[in-house]
Structures are given as C-alpha cells and as structure tokens.
1. Could you point to the residue in ASN220, MET269, MET64 farthest towards the positive end of region 3-302's charge dipole, with +1 and -1 charges on the Cβ of Lys/Arg and Asp/Glu respectively?
2. Given the DSSP H assignment, sum -39500 (n - 2.57) over each helix run of at least 4 residues in the chain and divide by its residue total; what's the result at 222 nm in deg cm²/dmol, nearest 500?
3. For region 220-306, what is the charge dipole size about the Cα centre, in debye to the nearest 20, if Lys and Arg each add +1 at the Cβ and Asp and Glu each add -1 at the Cβ?
4. Give the calculated FRET efficiency between ASN275 and PHE234 to the nearest 0.05, with a Förster radius of 25 Å applied to their Cβ-Cβ distance.
5. About its Cα centre, what dipole magnitude does region 138-276 give when the only charges are +1 on Lys and Arg Cβ and -1 on Asp and Glu Cβ, stated in debye to the nearest 20?
6. Could you list which residues have their amide H under 5 Å from that of HIS3, counting only those 5 or more apart in sequence or on another chain, with H placed in the peptide plane?
7. For the chain, with the dipole built from +1 on Lys and Arg beta-carbon atoms and -1 on Asp and Glu ones, taken about the Cα centre, which of ALA238, GLY7, VAL39 lies farthest toward the positive end?
8. Name the residues of region 106-134 whose amide N is less than 18 Å from a point 7 angstrom out from the Cα of HIS27 along the C-beta direction?
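No lab work stands behind these numbers, since they all come straight from the coordinates. Keep in mind the model is a prediction, meaning the values are calculated, not measured. Here the Cβ is made from the backbone with ideal geometry for all residues, glycine too, and neighbour counts use every protein chain on show.
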Amino acid sequence: MHHVERGAGPLVVLCHGFPESWYSWRHQIIALADAGFQVVAPDQRGYGQTDRPEPVAAYNTLQMAGDMVGLVNALGAKSAVIFGHDWGAPVAWYAALLRPDLFPVMGLLSVPGFPRTPHRPSLIAKTAFGDQVFYQQYFQQVGRAENDFSKDPRRALLGFLYALSGEASGADKWRYVFKPTETILDSFRVPEKLPAWLSEEDLEFYTNEFKRTGFVGGLNWYRNIDETWELTGFLEGAKLRQPSLFIAGDKDPVIEFYADWYKNIGQVMTDLRTNVILPGVGHWTQQERPAEVNRLMIDFLKGLPK
C-alpha cells in the first residue's frame with residue numbers, strides 16, 4: 001500500500017474516492033500536519049501505486065476497511081482518526097463501526113452515514129430507476145466503463161470532475177441516470193476550460209495515474225456492492241456512536257440521490273458533532289473548498305476531549 005505521510009502527532013487517516021487517489025487530499029495533508037497531526041493519505045486498493053488484485057471479489061468494502069486496519073497497525077499507532085470522501089466514506093464507516101477501539105473518531109465527506117437496507121442495493125436501484133440506468137449499475141458491467149474512460153482519460157476525467165462539481169449548472173450537471181442506449185460518457189459534458197478549483201497540474205496528475213493503472217481497480221469497488229451487503233447482515237440496526245463529522249456541498253448529486261440517508265444521518269451517527277452543508281459546492285468537497293473544509297476538520301478535532 002502506497003501512502004503519503006506528513007507531520008507528527010495524533011494519527012489521521014484520509015481515505016479517497018473514485019476516480020481519485022491520495023492526491024484528492026493534497027490540501028488537507030498540509031493543513032492537518034501544520035495543525036499538529038500525523039497525516040497519512042493512502043492510495044486505496046486498486047489505485048495509484050497500491051496493489052491492484054485481479055479478482056473482482058477482492059474489492060468488497062469490508063476488505064477495504066481491513067486495509068485501513070492493516071495500515072494503522074503497520075504505522076505502529078494504537079488508534080487513528082479516519083476521514084473518508086466518496087467511496088472512502090463507506091471505508092471509514094465500516095472501519096469505525098467494526099473497530100471503534102482503533103478508530104475512536106471519524107468523519108465523512110459527501111456520502112452520509114447509512115443504515116443497512118433490508119433489500120440488496122441492486123434491487124433498490126432497479127426499483128427506483130426502472131428501465132433507466134443508474135450510473136452504479138453501469139459501472140458494475142465488467143468492461144464497459146473502463147473502456148469508456150480509457151479512450152481518452154484526460155477528457156473523461158475533466159468532464160467527470162467538472163460535471164459533479166459546484167461549477168456545473170443546468171445541462172452541464174452530471175446525469176446520474178441515463179438511457180440504456182447511452183454510455184457514461186454521454187452523462188456529462190467536457191468543459192472548454194478547467195473549473196477554478198482544478199489546475200492543469202492537478203488534472204495531469206490524475207490523468208497520468210489512470211493512464212498507468214487503468215480504471216478497473218476503482219470500478220471493481222462498484223462490482224462488490226451487493227456482496228458487501230450480503231456480508232453485513234450482522235450490522236442490521238447498528239449505529240456509529242463515536243464523535244463524528246459530516247461535510248458535503250449543496251450541489252452534490254450524492255446528497256440528492258441519497259437524500260433519505262442524509263435526512264436521517266443523526267439516527268445512525270449518534271454523536272454527530274459537525275454537520276455542515278457548504279453552499280455552491282459539488283461532489284469534490286475537500287478539493288472545491290479546501291480552506292473551509294480544513295477549518296471544519298481542524299476545529300472538529302481540536303474540539304474533542306483530550
């Protein structure tokens with residue numbers, strides 16, 4: 001497992017999402033280290049310079065949570081704060097839910113805490129969207145999305161990063177449900193210029209990483225959603241009781257299609273200390289508004305009992 005590390009003090013682990021890497025936390029690594037923390041941002045399984053197992057079954061979320069346990073143990077820490085964004089949020093959620101001794105404090109960005117549903121996720125998506133294709137269903141089809149994204153990684157990444165951001169509006173906003181005859185590339189528009197929060201250097205970093213690794217590892221996470229559900233029946237009714245944080249943007253499509261999760265977030269995160277929706281921010285929370293996110297994370301951590 002490749003990771004970037006900076007600072008000294010209490011350990012903070014930062015878990016990224018799709019299609020990203022440790023680099024999505026570049027602003028927080030510096031700010032948290034300067035605030036007195038040892039910050040570790042790994043490339044998660046299937047991404048960047050971390051191993052990419054071939055079997056699809058190697059990517060269920062419980063294994064990802066286990067990777068974070070192994071990382072903390074390898075660093076010799078007795079405990080760590082864990083934050084997760086996008087797919088990193090379920091990783092942080094399961095890690096904190098199953099190992100509260102190792103992760104006594106946690107935070108989620110974009111994806112709220114979620115109770116285990118009585119029905120498998122694929123059935124819920126089919127019931128909700130019928131003959132339309134929910135993006136997760138598309139990503140679960142082996143070979144499709146990776147071929148789409150790999151045709152022109154830079155163009156695909158730019159379009160995806162822009163369309164899910166707070167800068168996209170109207171017809172430019174990402175369509176997370178589309179027709180069966182369309183591909184994921186039809187669900188967003190590629191802008192003529194980069195969004196203000198994304199530099200050429202940033203886009204080049206992501207592009208080079210995915211040109212080297214491909215997209216299969218990250219997409220395999222989606223292909224295990226039902227398997228994770230099948231493996232977690234013992235978590236029916238479980239609640240997260242440690243101090244927690246949630247930050248998202250009011251233009252984040254996740255807050256739209258997981259609206260019920262967010263509405264009930266306090267019922268499953270029973271010690272939610274920070275709950276903030278940032279105006280004008282889309283899905284890439286900590287990249288779009290780094291100064292505000294840094295402040296919220298540091299204030300949350302500094303406000304905890306010593």
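1. MET269
2. -11000 deg cm²/dmol
3. It works out to roughly 500 debye.
4. Given R0 = 25 Å and the Cβ-Cβ separation, E is 0.35.
5. 80
6. The answer is ASP43.
7. Farthest along the dipole direction, towards plus: ALA238.
8. 108-111
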